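K.L.:
Got a structure for you, written out below as structure tokens; questions coming shortly.
Read the figures in this text as sums done on the coordinates, not as results from a lab. This one's a predicted model, so the numbers in the text were calculated from it and none came from an experiment.
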């Protein structure tokens, strides 16, 4: 679940701002949520890779829709993490855009290993997702190119051939196919 974003609320003007500890807990929760969303996307990409090998068309299309939906969930998780990151940075008197590499050493010592591990794991998982997405794209592009090559190699119908297609079955020089089992018994 994405942690509640830190919002400006005029009704809360008299409330005390959250402590750095509270802000860090929100940041950690948002990093965990982002990690979970990346894991789910990687699982979907793995499934898509399996489907790309022998693609049942319906399942492949369903996997694409699921991947797009998961990408939207990741965008939400990243936006929440960015808000939490900015709030922690601001609480530590830093720019809200300060990178984690600069921010982590400024955190209380007991939070540094966890935040660093989550950021590292998110980054590693994102890299794996990018690699898998590229592999899947290459495989599907290769399949599409082979299909295009096959379709292009098919002979085209000449005008005389299309005239045969449009003739009624009774006018064909060969017997029409059997349309009823009773015709055979006769």
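K.L.:
Remind me, relative contact order of the stretch 17-167 in percent, using alpha carbon pairs under 8 angstrom and six or more residues apart?
P.N.:
Details: 97 pairs, mean separation 51.0, N = 151.
In percent, rounded to a whole number, it is 34.
K.L.:
Please state, rounded to one decimal and in Å, the Kirkwood hydrodynamic radius that the stretch 22-84 gives when every pair of distinct Cα atoms enters the mean of 1/r. Can you show the working numbers first?
P.N.:
Values: mean 1/r = 0.0793 Å⁻¹.
The Cα-based Kirkwood calculation yields 12.6 Å.
K.L.:
How much length is gained if the chain between residue 139 and residue 92 is pulled fully straight, taking 0.36 nm per residue apart and subtracting their Cα-Cα distance, in nm to one decimal?
P.N.:
Difference between extended and current length: 12.2 nm.
K.L.:
Which value, in Å³ per residue, describes the convex hull spanned by the Cα atoms of the stretch 17-167?
P.N.:
Values: hull volume 22.7 nm³, N = 151.
For the stretch 17-167, the hull spanned by Cα atoms encloses 151 Å³ per residue.
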